[in-house]
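**Q** The structure's right below; bear with me while I get my questions together.
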Amino acid sequence: MVEVLAPAAWTDARVEAWLDWADGETDLPAAIFRKAEIIAEQAGGLALLPDARTRAAFRRDLGAALLAGRLAIAEPRALDAPAVIAAHDADYVKTLATLRARRRGRVSARAAASALAQRLQGVMDAIARCEGDPPPAPTRTPI
């Protein structure tokens, strides 16, 4: 059990998710605004935010959006960078076929998950339309 500083409206699951993101830091608003400050400084370094006033406003708005749940951020992963495939490599065709198969698998998995979600939503909608007490179990119903 850990004592955490977080907005009162946040659910336990949301607090736990932010705790994971903050690597266990218990003052979540401070951690979020520190991250907003880092992002604002990076943007300033790229000349996207020209002055301190603009950076401060960006930091404030970014932190508020994160706290309100209107925005989420994620760190880039090393796997996000695509590999370069040289057409003259001997394994070019095999590598390309593997990448194509993986992509098709991801597309198929997303389509299957979407179809399953639609069907489960149909079941939940049918349950929500039910009224009254549930019928007795068929094994207990006298014949």
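**Q** For the chain, build the charge dipole from Cβ charges (+1 Lys, Arg; -1 Asp, Glu) around the Cα centre, then report which of A72, A86, P7 sits farthest towards its positive end.
**A** With unit charges placed on the Cβ atoms, the residue in question is A86.
**Q** A97 versus L71, label points 7 Å from Cα toward the beta carbon: distance in nm?
**A** Going from the A97 label point to the L71 one covers 4.6 nm.
**Q** Follow-up question, since we're still on this one. What ranking, highest mean first, results for peptides 47-60, 98-111 when packing means the other Cβ atoms within 10 Å averaged over each residue?
**A** On the way: 47-60: 13.4, 98-111: 10.3.
Taking the mean over residues of other Cβ atoms within 10 Å, the ranking is 47-60, 98-111.
**Q** Separate question: What is the distance in Å between the Cα centres of segment 94-133 and segment 25-45?
**A** Measuring centre to centre over Cα atoms gives 36 Å.
**Q** Through the Karplus equation 6.51 cos²θ - 1.76 cosθ + 1.60, θ set to phi - 60°, convert the phi angles of segment 38-54 into ³J(HN,Hα) values in whole Hz; use x for Gly and Pro.
**A** 4, 5, 4, 5, 5, 5, x, x, 8, 6, 7, 10, x, 9, 4, 5, 5
**Q** By average Cβ neighbour count within 10 Å, what is the ranking of 34-40, 129-135, 16-22 from highest down?
**A** Values: 34-40: 17.7, 129-135: 6.4, 16-22: 15.4.
Output ranking for 34-40, 129-135, 16-22: 34-40, 16-22, 129-135.
**Q** Suppose every K and R has +1 on its Cβ and every D and E has -1 on its Cβ; what is the size of the dipole of the chain about the Cα centre, in Debye to the nearest 20?
**A** On the way: 19 positive and 18 negative charges, 170 e Å.
With only Lys, Arg, Asp and Glu charged at Cβ, the dipole is about 820 debye.
**Q** Considering the convex hull of the alpha carbon atoms of segment 12-68, report its projected area averaged over all viewing directions, in nm², one decimal. Display every interim value, and only then the final one.
**A** On the way: hull surface 15.7 nm².
The orientation-averaged projected area of the Cα hull of segment 12-68 comes to 3.9 nm².
**Q** Could you list which residues have their amide H under 5 Å from that of D27, counting only those 5 or more apart in sequence or on another chain, with H placed in the peptide plane?
**A** L5
**Q** Further question: What do you get for Rg/Rh over the chain if you use C-alpha atoms and the Kirkwood form of Rh?
**A** Numbers: Rg = 24.9 Å, Rh = 21.1 Å.
My calculation puts Rg/Rh at 1.18.
Bear in mind these aren't lab numbers, they're just calculated from the coordinates by the rules spelled out. These numbers come from a predicted model, not from an experiment. Positions of Cβ are generated from backbone atoms using ideal geometry, with glycine treated the same way; all protein chains shown enter the neighbour counts.
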